[in-house]
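**Student:** Right, I'll just put the structure down here and ask away after.
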Amino acid sequence: MLKFDVTLLVQIVEALILAVILNAILIKPVMSFLEERRRQFKGIEAEINDLLRQVEEGLKNYQEALSSARAEGIAKREALKEEARRLEKEEIQKITREVETLRKEWEAKFNVEFAKLRESMLAQREYFAGLIVEKLLGGK
């Protein structure tokens, strides 16, 4: 059976004193240390989140700048192609005009030479006709 005497009361008082001493010496410092560590981790976590946000923002700005530069490059390339097509067309037209001029000059020269040759042949028509008749009739 249980006996309730003074020793029970002494043990309860001892346990309470021990709890107060342990609380002051051990539990409060450990709890404050754990609380400080929790605050540090929250600060680091907030800093990490801020850095991640900055990195995402920087990456977004980089992608936008890259897209803009690509679009600008494509526009410049198309403008250069268009300029090259225009220059090519102008050069082809210039060469075509020069060739047409040369063709007309050669045609005029050919017509003049042909007319001279024709006149020469027509002038000698009688001579050639005589030669043909002579050959046919058995002459020289």
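What follows draws every value from the coordinates through simple rules; no lab data is involved. All of these numbers come straight from a predicted model, not from anything done at the bench. Neighbour counts run over all protein chains shown; Cβ positions are idealised from the backbone, glycine included.
**Student:** Once every DSSP H run of n ≥ 4 in the chain is given -39500 (n - 2.57) and the sum is divided by its residues, what mean residue ellipticity at 222 nm do you get, rounded to the nearest 500 deg cm²/dmol?
**Tutor:** Helix contribution divided over all residues of the chain: -33500 deg cm²/dmol.
**Student:** Under a Cβ-only charge scheme (Lys and Arg +1, Asp and Glu -1), can you give me the dipole magnitude of the chain about the Cα centre, in debye to the nearest 20?
**Tutor:** Result for the chain is approximately 700 debye, rounded to the nearest 20.
**Student:** Hey, another quick one. Have a look at A129, A65, I21 and report the one farthest towards the positive end of the charge dipole of the chain, computed about the Cα centre with Cβ charges (Lys/Arg +1, Asp/Glu -1).
**Tutor:** Farthest towards the positive pole: A129.
**Student:** Provide, for q = 0.15, 0.18, 0.24, 0.30 Å⁻¹, the log10 of I(q)/I(0) from a solvent-free Debye sum over equal Cα point scatterers in the range 1-48.
**Tutor:** -0.59, -0.68, -0.83, -0.97
**Student:** Sticking with this one: Calculate one ³J(HN,Hα) per residue across the range 109-117 by plugging θ = phi - 60° into the Karplus curve 6.51 cos²θ - 1.76 cosθ + 1.60, and present them in order as whole Hz with x for glycine and proline.
**Tutor:** Along the range 109-117, the couplings run 4, 4, 4, 5, 5, 5, 4, 4, 5 Hz.
**Student:** Right, next: Which of the listed residues, L34, L8, I74, is farthest toward the dipole's positive end in the chain, when Lys, Arg count +1 and Asp, Glu count -1 at the beta-carbon?
**Tutor:** I74
**Student:** Let me ask another. Go through the range 61-72 residue by residue and turn each phi into a ³J(HN,Hα) via Karplus (6.51, -1.76, 1.60, θ = phi - 60°); whole Hz please, and just put x for glycine and proline.
**Tutor:** Rounded to whole hertz, the list is 4, 4, 4, 5, 5, 5, 4, 4, 5, 4, 4, 5.
**Student:** How many lysine pairs does the chain hold where the Cα atoms are under 27 Å apart and the two sit 8 or more places apart or on different chains?
**Tutor:** 11
**Student:** May I pose another question? Ratio to report: Rg/Rh of the range 23-137, with Cα atoms as the point set and Rh obtained by the Kirkwood method; give two decimals.
**Tutor:** Radius of gyration over Kirkwood radius for the range 23-137 works out to 1.94.
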